[in-house]
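Here's the structure, in structure tokens; my notes come after.
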Amino acid sequence: MNRKIFLLMIVVPAFFAGCSSQKTTDVKTSNGSIPFYDTTWELEYISGPRIAFEGLYPETKPYITFTEAENKFGGNNSCNVYSGAFTLKGNTIHFGDAITTMRWCEGDGEKAFMNMLGKVNKYAIDSYGKLLLLTDDIPMLRFKKIAKTQH
């Protein structure tokens, strides 16, 4: 019995240490700008759905862009184009209701993405340059930078 307890005392802390979150960096660059503007961000992780990421998005991964001058966000949710307004205060972000095109699509990827976007209330850029959209301090969506938008 003591051997089982000893093993649990070693295995459980090691498990939780392996589950630690990624380090995040400041949300502003050295010149004071927010680093996610004027960039196209492609989704590479979504929390929640029990379907594998590749199953949710077999053809097109969702992406998002942010426009600073108008406080607008938009992109493609894997099927339909969407857009809306957002507000920022520090690292707090709130997305307004998005307007989407009405193309019919198979699967649950579009719905999962839009629902999760509605739950987000913070953002961060991690040490790898990934955009994290969070609910409180838990990453819900992770995006990688795929392009700088042209003006």
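Every number in this text was worked out from the coordinates using simple rules, so none of it is lab data. What you see is a predicted model, and the numbers here were worked out from it, not measured in a lab. Backbone-built Cβ (ideal geometry, glycine too); neighbour counts: all protein chains shown.
The phi-based Karplus calculation (6.51 cos²θ - 1.76 cosθ + 1.60; θ = phi - 60°) puts the 3J(HN,Hα) values of segment 105-115 at 9, 7, x, 10, x, 4, 5, 4, 5, 5, 5 Hz, whole numbers, x for Gly and Pro.
Residues Arg142, Arg50, Arg103, arranged from fewest to most other Cβ atoms within 10 angstrom of their Cβ, appear as Arg50, Arg103, Arg142. The calculated FRET efficiency for Asp126 paired with Ile99, based on their beta-carbon distance and R0 = 25 Å, is about 0.25.
Once the chain from Lys145 to Asn71 is taken as fully extended at 0.36 nm per residue, the excess over their C-alpha distance is 24.7 nm.
Here the simple spin-label model places points 7 Å from the Cα toward Cβ, and for Val81 and Asp38 these points are separated by 2.3 nm. By the count of neighbouring beta-carbon atoms within 10 Å, fewest first, Phe73, Phe143 end up ordered Phe73, Phe143.
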